[in-house]
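The values are calculated or read from the model by the stated rules, or taken from the named source; none is laboratory data. A quick note: this is a predicted structure, and the numbers were derived from the prediction, not measured. Counting neighbours? That spans all protein chains shown, and the Cβs are built from the backbone with ideal geometry, glycine included. Protein only, heavy atoms only, side chains kept; ligands, DNA and RNA dropped before computing areas. Shrake-Rupley method; radii C 1.70, N 1.55, O 1.52, S 1.80 Å.
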Amino acid sequence: MPVKGLKKTGEYFDSVTLMLVARSLTEMEGVEEATVVMGTAENKQILAASGLLLDEFKDATDTDLLIAGKAPDEATAGSVIARAEELLIESKQKKASAGEHLPRSIEGAVDELSGANMVLISVAGRYAGDVAMEALEKGLHVLLFSDNVSIEKEKELKEFGREKGLLVMGPDCGTAIINGAPLCFANVVKQGKIGIVAASGTGLQEVSCIIGNQGEGISQAIGTGGRDVKKDIGGIMFLEGIKALAADGATEVIVLVSKPPSPEVLASVGETIKDISKPVVAILIGGDPKVMEAAGALAARDLERAGLIAVALARGEDPAGIEKALAARSEEIKKQASAEAGKMKEGQKYLRGLFSGGTLCDETQLMFKDSLGPVYSPAPIDPDFKLDDIWKSRENTVVDLGEDEFTVGRPHPMIDFLLRKKRIVEEAKDPEVAVILLDVVLGYGSNMAPGEELAGPIREAKKLAADSGRHLAVICSITGTHKDPQSRKKVEKELKEAGAIVMETNAAASELTVAIVKIRGGK
Amino acid sequence: MVDIAKANEQALKKLLEARPFWVDIQPAIECVPGMKKNLILHAGPPVTWERMCGPQRGATIGALIYEGMAKNPEEAEELAASGEIEYDPCHHHDTVGPMAGIVCPSMPMIVTENEVTGQKAYQSLNEGIGKVLRMGAYDDEVIERLKWMERVLGPVYQKAIRKAGRIDLKNIMAQAIQMGDELHNRSRAASYILFTKTAPYILETLDQKKLPEAIEALKFMEANIHTFLGFAMTSAKVSLMAAENIEGSSMVTVMARNGTDWGIQVSGLGQEWFTCQSPIPEVLLFPGFTKEDVGRDIGDSAIMETYGIGGCALAASPAIVLFVGGTYDLAVSKTMDMYEITLGENNVYQIPSLDFRGSPTGIDILKVAKKNLPPFIDTGVAHKDAGVGQVGAGLCDAPMDVFKKAVVAFSKKYAKK
C-alpha cells in the first residue's frame, strides 16, 4: 500500500497538538494509517514498526516534523500531507488568537501566576527530568505527565523532592485530583474526606469515580507513576503520599491503589501505615492482602470494594454491610447471566475484553483467573497464556489497547477509539465469542463522545452475530461520574440504546462476564 | 568561579541607573571619538565595501557627495571602493546609526551624556521619512536636506540646547511610553514632548535676522515623526555603555545589523562581535512592494530592544500594532515573551496596560539559549536596493545563531573558572 511522507525541518509542535492532528488525519476517507510526529529516535522506531518510516525520515532529528500517510492509492496518501499542513497551521492560529499569553518556561509561568506551588510537566521525556528538577529547585510540587524518563532520573527527582518536602507525581503519571481539580486523565469528583495514593492511573480513576458516585468526595488523589512501587524507586512518593494524607486535616480515610509492589516496598508501606491512626484501605491488584492486613489496613479484593469500603468508613458505617449488598447483587448478576447465556448459540463461549485502562484489564484478568483460570493476553498473568499475535484473539482473551505496541503513531485508546472500534467488529465475526467486554473511561483528557463513538460498532457487531443466528453480549463498564464533561448518564443511555449491557463498575461487568462464560463452558 | 547572577545584577543595575541627558549638538568631526576626514561609520557589525548591502552603499555614495569628496555617484562609488575611505561600525565610536547608519565628518550630531558615568553617545539628526540617506537614497534632494541640516537645523538646535544646558531624555521617554510610544517604530509622543521642551529655547536664542530659518527648523521638527529616534537611540547606547565589560555578565550590550550581517556584543565578553547572516524580515509591506523587494535586516536601532524598550515595550504601544500587522493581544503576548529572556524589569519605563509593570530589560544570552526564544525587533524594513526607502515594518526575530555563538564563547571563558 502506498505511503507518502514529508519531513519539515525546524518546525516544532507539542505532542498533544500532533496527536489531535494525527487523529483527524486517521479519520479521513480511505486513509489506512496516518501519523504526525517529531523525528525523535523513539518516534522513528514506532514509525518503523508500522511501516511508515520512509527513507527520507531515517536521518531525521528531534527538530524535524515527520508527516506520513498510508492509503490504498497514491492520491489519498498524498492528501494526508496537505491536510496535515492545514491542520497544523490552524492549531497555531488558534493559539495566537486565544488572547491569553502562554508562558514559555516554568520561570515565565511562575512569574505570571505568582503563588502557584505546583507544576504539570508534559514535554519530551529526555528533557522532562531536567525541567522537573528546575521546578523542584523553585519549590514547586511536580506532576510529571511525560514518560520516557530514565529510572535513574526518576530516583534523583524523587529523592530530591522528598528532601525538600515536595511531591513528585510521575513520570508517566496520568491521573491526579489536587484540591478538587482533576488533572490529566481524571474525573470530576466533589471534594471530600477520602484521600487516595495510587501507582495506577485507571485504578485511581475507577476508585475515585465509585466514591463520587456513592456521594462521597476526594480530599486529594495523588498519582505516583507505576514505577514508584518498584524496587529501584522504593516507593519514595507512594510513602510520601501516604504521609501527606496522614497529615492532611481534610483526609479522614486513606485508600492505596497499586499494581503489586515489590516485596521491599510492600514492607515499607506496611511499616508506614502501622503508625497512622486514620483508617487505610488497600487494593493491591494481584498482591498479597495479608501484609496489608497485618499492618492494620483493610485489604480490598477489587477496585469497587476498595471504593465502597472507603465510603463506608468515611460515613462511620461498618464495611461488613458491603459484602451483604454485593452478595445480593451477585444473585442478580447470575440471573442476568443465565438470561444472556440462554439466548446464545452452540459454540459461543469465550470472552474478548478490549480495554483502554491497563489496571481495569488487570482486574478482569485476575477475576477470571480466580474463577475460570487464566486468559490470553499480550501481558498475561500466567506466562503460558501470552498471545502470539497481539492482533489475533484466541479463546478467552483480554487486551489493553493502551500498551505501547498498540499506540504506535496514534493517541491513547481513551482518546482515539479507532482501533477498538475496528476490533469490536472483528471479534464479532468469531462464532466462538460469547461476550465482548469494554471499559469506557470518561473524564478530562478522554474522548468527549465515547457513547457516540462506540454505538456504531456495537450495533454492527450485534447485527453481524445476529445475521449468523448468534446472540452476542456486549458488556460495558463506565468509569466516570455524572459531572464529567461527557456525562455518565448520557453515555450510559447511548450504549444501552446500541444494545450494550452497562454495568456500574469494571468489577461488576467482569463478574457478569465470568458468569456468562462459565455457563457457556468457555474455560 | 565567577558569579554570573551577581555579575548580571550589577550590569542591570548600571543600565537602570543610567540617566541620559541631551547636552549638545556638534559636528561629528569635533565630537565623535576617532572620527577623521576619510572615515565613514556604518550601522551593524564590521563590513567591507565589497560586502556592503545596497542601502549602505547608497548612503555611503550620498555621504561622499555631501562631504564634497565626489562630484557624482560614479565618482563616489570609485572612491568608496578605492581603499582611500575607511569604514568602521558606529558602535566602535560610541555612535548608533539608524538603518544604513552612515555617519560622515560634517554631520551635526546629537550628543547624549549619561550623568552617572559621564559617558557620551552620538547620532546624526533625523532626516524624516521618504527619500533619505539612511535608506540609501543619495539624489540632490537628499544631499540638499543634509546641507540644510548642517547649515540651519544643527546650529538652531545647538544654540537652544546650549541655552537649556541639558534636557532630561529619560524623563521624556518615561512619559512617552505612557502616551503610546514604544520608542523604536513609534516615537511620536516623545517627539512632541521634545518639541515643547526645545521650542522656548529656540525662541530665546533666536537671531532676529534669521527668523525664517528658526521657523523652518521648528516646522521640520514638528513634521518629523521620528525626530526623537536619535535621542532615544543615543540614550539607549550611552546607558548600555555603562553596563559593558562586566566580568561574568551574560547581558547583551549591543544588537546591531548592517543589512549583511546581524551581530551582538555581550557585557562579559567585551567588544567581541558574534555575527551571522542578517535574515530577510517577514513583515507587513507597504502597498506596491513585494517580498522580492525586502532587504536584509538593517540598522543600529535594535539598541532600543537591547535597552529594554522598543519591541520589549510593544504592549505599551497599541498605536503601532496595526502598522506592524498584528493585533493588540499579540503585542501583549510578545512583551510577555520578553520577560522570559530578560534579567529584570525597568524601574522607569512602565507599561500602562500591564498595570504599570516595568518593561522587560536586559536580554540574557543564557536565557535566550535555554528557552530557544530569541528577542524580536520592532523594526522598519528597507528596500534591498539603494535609495528606494522603507518598504514595510514589522516584528523580526533576532537570529538564534548569534546567541548560540555567544553562549559558546561565554562558556569557554567562564566554565570552571
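Values as computed for the structure displayed
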read-out	value
Residues of segment B:306-321 satisfying the condition of being in contact with an Asp or Glu (Cβ under 7 Å, 6 or more places away or on another chain) and away from every other protein chain (no Cβ under 14 Å)	B:309, B:310, B:311, B:312, B:313, B:316, B:317, B:320
Any hit, segment A:91-104, residues being within 14 Å of another protein chain (Cβ to nearest Cβ), closer than 25 Å to residue A:146 by Cα and at pLDDT 85 or above	yes
Tabulated pairs, segment A:32-45, first assigned by TED's automatic domain parsing to the domain that holds residue A:74, second of a type in the set (Asp, Glu) and modelled with pLDDT of 85 or more, C-beta under 9 angstrom, 6+ apart or interchain	A:38/A:64; A:39/A:59; A:39/A:64
Some residue of segment B:156-171 being farther than 26 Å from residue B:116 by Cα and of a type in the set (Val, Ile, Thr)	yes
Residue ID - most open to solvent (accessible area, probe 1.4 Å), chosen from residues in segment B:330-352 that are in contact (Cβ under 8 Å) with a residue 60 or more places away in the chain and under 21 Å from residue B:18 (Cα atoms)	B:347
Test: residue in segment B:243-263 that is assigned to a helix (DSSP H, G or I) and either open to solvent by less than 40 Å² (accessible area, probe 1.4 Å) or touching a helix residue (DSSP H, G or I) at 6+ places or on another chain (Cβ under 9 Å) (or both)	no
Residues satisfying the stated conditions in segment B:374-395, i.e. open to solvent by less than 10 Å² (accessible area, probe 1.4 Å) and within 14 Å of another protein chain (Cβ to nearest Cβ)	B:375, B:376
Search result, residues across segment B:322-362 that are within 13 Å of chain A (Cβ to nearest Cβ), of a type in the set (A, V, I, L, M, F, W, C) and under 30 Å from residue B:287 (Cα atoms)	B:330, B:331, B:332
Subset of segment A:388-425 [more than 21 Å from the chain's Cα centre (by Cα) and aliphatic (A, V, I, L, M)]	A:425
Every pair of residues 6+ apart whose Cβ atoms lie under 9 Å, when the first sits in segment A:9-21 and is open to solvent by 70 Å² or more (accessible area, probe 1.4 Å) while the second is assigned to a helix (DSSP H, G or I)	A:20/A:87; A:20/A:91
Any chance residue A:190 is in contact (Cβ under 8 Å) with a residue 24 or more places away in the chain, among the basic types (Lys, Arg) and within 17 Å of residue A:235 (Cβ to Cβ)	no
All helices (runs of 4 or more DSSP H) inside segment A:253-328 with 2 or more residues being under 17 Å from residue A:241 (Cβ atoms)	A:263-274, A:303-314
Matching entry among A:172, A:130, A:147 (being under 26 Å from residue A:477 (Cα atoms), open to solvent by 40 Å² or more (accessible area, probe 1.4 Å) and charged (D, E, K, R))	A:172
Where a residue in segment B:80-97 is within 18 Å of residue B:241 (Cα to Cα) and its partner, wherever it lies, is assigned to a helix (DSSP H, G or I), with Cβ under 6 Å and at least six apart	B:90/B:300; B:96/B:90; B:96/B:233; B:96/B:237; B:96/B:300; B:96/B:303; B:97/B:90; B:97/B:300
Only one of A:247, A:282, A:295 that is open to solvent by 50 Å² or more (accessible area, probe 1.4 Å) and either in the same structural domain as residue A:365 (by TED's automatic domain parsing) or among the aliphatic types (A, V, I, L, M) (or both)	A:247
